[in-house]
1. Suppose we filter Gly94, Gly37, Gly45 for residues that are surrounded by fewer than 17 Cβ atoms within 10 Å (Cβ to Cβ) and touching a Gly at 6+ places or on another chain (Cβ under 6 Å); which single one remains?
2. Name the pairs whose Cβ atoms lie under 6 Å apart, with the first residue in the range 7-31 and closer than 19 Å to Arg92 by Cα and aliphatic (A, V, I, L, M), the second surrounded by 10 or more Cβ atoms within 10 Å (Cβ to Cβ) and modelled with pLDDT of 70 or more, and 6 or more positions between them or separate chains?
3. If you take the residues in the range 56-78 that are part of a strand (DSSP E or B) and of a type in the set (D, E, K, R), which one is nearest to the chain's Cα centre (by Cα)?
4. Before we move on, is Val90 touching a strand residue (DSSP E or B) at 6+ places or on another chain (Cβ under 8 Å), at pLDDT 75 or above, among the aliphatic types (A, V, I, L, M) and closer than 19 Å to Glu48 by Cα?
Amino acid sequence: MEFSPRVAEHTTLLESRMTNFYTNFQVDEIGRVVSVGDGIGRVYGLNEIQAGEMVEFVSGVKGIALNLENENVGIVVFGSDTAIKEGDLVKRTGPIVDVPMGKAMLVCVVDALGEPTDGKGALSDHE
């Protein structure tokens, strides 16, 4: 059975689009803030989170998951919790919290995440 040139053209077009179909995508696990206060956020929906894993609130504030329970996760907030409110989204970042170390740390003032706070630039800029 022979197809008309138009059908063959459409078939070729569909085949090329199917072979070039983008299949790499990233799925983020997110949760919602149930409550926040005294530097602790309670979050629902992060079912696969690990103890010590870093999370990021929608406001950009980061935290560490410490208290894993069936219904929610207790997260210690790094920084001010005033920008976080009930219902805000929280995203897993993947890695367990770690802080860089080395000679550059000897001459630099850093926060709890190892981010420089002395205004002298990134750690790689220090000698």
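The values are calculated or read from the model by the stated rules, or taken from the named source; none is laboratory data. Here the structure is a predicted model, which is why all the values come from computation and not from measurement. Cβ placement follows ideal geometry from the backbone for every residue including glycine, while neighbour counts extend to all protein chains displayed.
1. It is Gly45.
2. What qualifies is Ile30/Leu89; Ile30/Lys91.
3. Only one residue fits best here, namely Glu56.
4. In short, yes.
Residue-by-condition table, conditions (1) in a helix (DSSP H, G or I); (2) among the aliphatic types (A, V, I, L, M); (3) crowded, with 16+ Cβ neighbours inside 10 Å:
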{"residue": "Met54", "(1), (2), (3)": "no, yes, yes"}
{"residue": "Ser80", "(1), (2), (3)": "no, no, no"}
{"residue": "Ile84", "(1), (2), (3)": "no, yes, yes"}
{"residue": "Met101", "(1), (2), (3)": "no, yes, no"}
{"residue": "Lys120", "(1), (2), (3)": "no, no, no"}
